[in-house]
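One structure is given below, encoded as structure tokens.
FYI, it's all coordinate maths here, none of it is from the lab. Just so it is clear, the structure is predicted and the values come from calculations on it, not from any experiment. Cβ sites come from the backbone with ideal geometry, for glycine too, and all protein chains shown count toward neighbours.
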There are 2 protein chains.
Amino acid sequence: MRNIKVILQYEGTRYQGWQKQEGGGNTIQGRLEALLTKMCGSPVEVNGSGRTDAGVHALGQTANFHIDTDMTPEEIMRYMNEYLPEDIAVIQAQEASARFHSRLNATGKTYCYRVLNSSVPHIFDRRYVYEVPEVLDMEAMCRAADILCGTHDYKAFTSTKKGKKSTVRTVEAIIVTRVGDEIRFTFKGNGFLYHMVRIMMGTLLEVGMHKREAAQIKELLTSGRREEAGMLVPAKGLTLVEVHYS
Amino acid sequence: MRNIKVILQYEGTRYQGWQKQEGGGNTIQGRLEALLTKMCGSPVEVNGSGRTDAGVHALGQTANFHIDTDMTPEEIMRYMNEYLPEDIAVIQAQEASARFHSRLNATGKTYCYRVLNSSVPHIFDRRYVYEVPEVLDMEAMCRAADILCGTHDYKAFTSTKKGKKSTVRTVEAIIVTRVGDEIRFTFKGNGFLYHMVRIMMGTLLEVGMHKREAAQIKELLTSGRREEAGMLVPAKGLTLVEVHYS
């Protein structure tokens, strides 16, 4: 059996997220597995680097699957792009070592969250940005972003109910840049908890609107109280940009 | 009655073009008139700078309408953006002189046609680009574009059946630029005939694929034979960028 690694793009708008669901549901993983199973004539499982939530997009999701075929990676990619729906694409395919696993081998991820800071809608980007017309204090958000970085227990920034798994993660960088009416927040870290980027974003935006102080973030990292952190911002502004491997 | 000039953006994907149709139909003009008529309580007519075809987008369509209201242009814009569908937006509104007419006063227009020159789909731009995976000769297309410019009878480049109206137009510039996988064709002229940009595009692409010679274009401008010009390319790659006024 060969192990094929692919890099995927998708627009998450009409999907119930990455992960396939019992009894159907329109998911990215479900679509990929159905297509590859048809291509190979036997069941194929697709491992993603992680689950993206319903509505979240990907510029560079990584996945791998084991198949028995004579097709070259280039041919597999062409076949997939021919039959995948128009909002999912394979932009790279290559042979991987037998042991490569897109989730277990990932060393980090980069996400981008796009905020349209304008009262005038942007028609062409509307599916990929979250509209925040309020004045946002860039300087305060950058300060807050710096405090959020580091190795911390991010329990206050996840929707996961108390479990046994560690909620400690390392956020290497949060870069905040303004391009015209748009503010882009780029998050790089070794891993992100369920809803973590979107709750960090809600917290940063509340700092930007002066609804909370940047300094408060330190307390959140200590207390771990989800109810004291910011709101969960909409999925549509979030894009998985890249999965890192060593 | 006040005369309000607006600049509009829209994604043409799900519309049957600009112009309202007898017996309904989903059109940009129809949507705008329905909304303004509701806002004013009496029928409002909206003049566009020109009709865009079904599927064609606009970054800067200009329109004007006469209304009787106390609202400021800013308030009109906000009202419209609140009630317009998410694929139509007003990005500017201002008081115009009583005689301003967005079509009759227009001195020129700029259109952009986007070609994705890659066999790998671009998920996020798929509604705005035409995919041409074939190798395209940039140099030949630039030469052909130069020949297409000037003041000519563009009869070979329109789908209009023979009528009494002049088919002479002035194309000031056709600029061809490559940005990564994308080739952008920008057309600037004093006016464009029905389907003119899309037939010029089809002809330029056939030159790029070496299916015809750049020099042949001179003959087309002389003969006026539509059947000898290139194919009509899909509407989705076309965007009305700006309407010019003196």
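Counting only other chain Cβ atoms within 10 Å of each residue's Cβ, the peptide B:122-134 averages 3.
Where the only charges are on Cβ atoms (+1 Lys, Arg; -1 Asp, Glu), what is the dipole of the range B:107-245 about its Cα centre, to the nearest 20 debye? So the magnitude is around 740 debye. Over the range A:107-245, Cα pairs under 8 Å with separation of 6+ residues give a relative contact order of 39 percent. In terms of its C-alpha gyration tensor, the protein assembly as shown comes out oblate, because a/c is 1.5 or above while a/b does not outweigh b/c. Comparing Cα centroids, the range A:196-226 and the range A:11-40 end up 34 angstrom apart.
DSSP beta bridges fully contained in the protein assembly as shown are about 90 percent antiparallel. Counting only DSSP H runs of at least 4 residues, each contributing -39500 (n - 2.57), and dividing by the residue count of the protein assembly as shown, the helix-based mean residue ellipticity at 222 nm comes to -7000 deg cm²/dmol. Label-point spacing for A:GLY150 across the identical copies (point 7 Å from Cα in the Cβ direction), in nm and ascending order: 7.1. In the assembly of identical copies, A:VAL168 has its label point, taken 7 Å from Cα in the direction of the beta carbon, separated from the corresponding points by 8.2 nm (ascending, one decimal).
Cβ crowding within 10 Å ranks A:ILE76, B:ILE175, B:ILE4 as B:ILE175, A:ILE76, B:ILE4, fewest other Cβ atoms first.
Between A:GLU213 and A:LYS161, full extension at 0.36 nm per residue minus the direct alpha carbon distance yields a gain of 16.1 nm.
In nanometres and ascending order, the distances from the A:GLY25 label point to those of the other copies are 4.3 (point 7 Å from Cα along Cα→Cβ). Take every Cα pair under 8 Å whose residues are at least 6 apart in sequence, average their separation, divide by the length of chain B, and the relative contact order is 24 percent.
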